[in-house]
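Here's the structure, in structure tokens; my notes come after.
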Amino acid sequence: MAVLLLIDDDRGLLQLLAEFLSRQGYGIYTADGGRQGLRALYTHQPDLIVLDVSMPEKDGWETLKAIRDLSNVPVIMLTARTDEADVLRGFSLGADDYVSKPFSFAQLLARIHAVLARSAHGAPEDGKLVAGDLEVILSQKRVTCAGALIPLTPTEFKLLVALMQRAGEVLTPEELVREVWGPQYANEIGYVRRYIWHLRQKLETDLDHPRYIHNDRGFGYRFAVAENP
């Protein structure tokens with residue numbers, strides 16, 4: 001049974017969500033705000049966090065940054081902000097998905113299922129992938145570049161593995177969405193562009209001349225090691 005941590009200062013919504021998700025078979029912990037949420041993360045070690053953006057004292061952005069300092073647990077953001085800049089900010093801080101308010105509980109449940117599936121089945125259980133200075137140990141979900149550990153979220157890890165396992169091929173955004181996020185995200189191809197950008201931030205030393213992840217404009221993305229980028 002997966003354990004979820006719900007962090008929101010709206011106690012009424014917390015109670016309703018907790019009751020609904022509990023009926024779906026999840027173990028539930030709730031936290032009233034960011035500070036309490038960080039304590040609950042440390043105490044309960046949940047499998048996934050649902051985190052509201054708009055909270056007093058310690059908002060969702062601050063809380064997410066603190067979570068990422070402690071853990072790579074998947075995080076779904078709840079936000080009324082759908083501007084591109086806000087979405088990019090969430091992804092840059094390590095969010096795995098976001099759900100815009102107002103939302104249905106069924107919609108959130110589908111996203112929870114999808115994110116947990118990505119986290120649990122992000123890669124085969126053994127072996128490793130090596131390309132240039134980049135090494136991915138699949139069983140440990142561990143990525144290093146020139147020996148330095150590269151911390152990735154579960155979604156970033158699965159995207160990198162999808163690209164590396166088909167190195168040299170041009171993968172369209174639609175293909176990557178199906179493989180990494182699942183068919184229910186078919187209309188969310190913008191996710192690919194955002195996550196490619198964040199992967200490059202973590203892996204590439206020169207974003208203008210990437211060594212690993214290349215954009216074949218109009219077609220998609222290709223993983224290949226450029227010896228002299």
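Summary table
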read-out: Search result, residues across segment 154-185 that are within 17 Å of the chain's Cα centre (by Cα) and of a type in the set (Ser, Thr, Tyr); value: Thr155, Tyr185
read-out: Within segment 203-229, tally of residues that are basic (Lys, Arg) and exposed (fewer than 14 other Cβ atoms within 10 Å of the Cβ); value: 1
read-out: Residue list for segment 129-143, filter: in a strand (DSSP E or B) and either surrounded by 15 or more Cβ atoms within 10 Å (Cβ to Cβ) or among the hydroxyl-bearing types (Ser, Thr, Tyr) (or both); value: Leu129, Ala131, Leu134, Glu135, Val136, Ile137, Arg142, Val143
read-out: Residue within segment 151-162 that is acidic (Asp, Glu), in a loop (DSSP other than H, G, I, E, B) and assigned by TED's automatic domain parsing to the domain that holds Ile213 present; value: no
read-out: Matching residues, segment 144-162, being over 15 Å from Glu204 (Cα atoms) and either modelled with pLDDT of 90 or more or exposed (fewer than 13 other Cβ atoms within 10 Å of the Cβ) (or both); value: Leu159, Val161, Ala162
read-out: Exclusive hit being among the basic types (Lys, Arg) and closer than 23 Å to Leu5 by Cβ, set Arg166, Arg111, Arg178; value: Arg111
read-out: Contacts under 9 angstrom Cβ, first residue in segment 154-181 being on the phi > 0 side of the Ramachandran plot, partner assigned to a helix (DSSP H, G or I) and modelled with pLDDT of 90 or more, 6 or more apart; value: none
read-out: Any hit, segment 48-64, residues being within 22 Å of Gly94 (Cβ to Cβ), in contact (Cβ under 8 Å) with a residue 60 or more places away in the chain, buried (at least 16 other Cβ atoms within 10 Å of the Cβ) and touching a helix residue (DSSP H, G or I) at 6+ places or on another chain (Cβ under 9 Å); value: yes
read-out: Filtered residue count, segment 163-187, keeping only those that are loosely packed, with under 13 Cβ neighbours inside 10 Å and assigned to a loop (DSSP other than H, G, I, E, B); value: 3
read-out: Candidate set from segment 18-40 (those that are out of contact with any strand residue (DSSP E or B) (no Cβ under 6 Å at 6 or more places or on another chain) and of a type in the set (A, V, I, L, M, F, W, C)); member that is surrounded by the fewest Cβ atoms within 10 Å (Cβ to Cβ); value: Phe20
read-out: Number of the exception - Leu51 against (1) closer than 20 Å to Tyr191 by Cβ; (2) modelled with pLDDT under 90; (3) among the hydrophobic types (A, V, I, L, M, F, W, C); value: (2)
read-out: Unmet criterion (only one of (1) more than 19 Å from Leu13 (Cα to Cα); (2) of a type in the set (A, V, I, L, M); (3) touching a Gly at 6+ places or on another chain (Cβ under 9 Å)) for Val73; value: (3)
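The values are calculated or read from the model by the stated rules, or taken from the named source; none is laboratory data. Just so it is clear, the structure is predicted and the values come from calculations on it, not from any experiment. Neighbour counts are summed over all protein chains in view; Cβ atoms, including those assigned to glycine, are modelled from backbone coordinates with ideal geometry.
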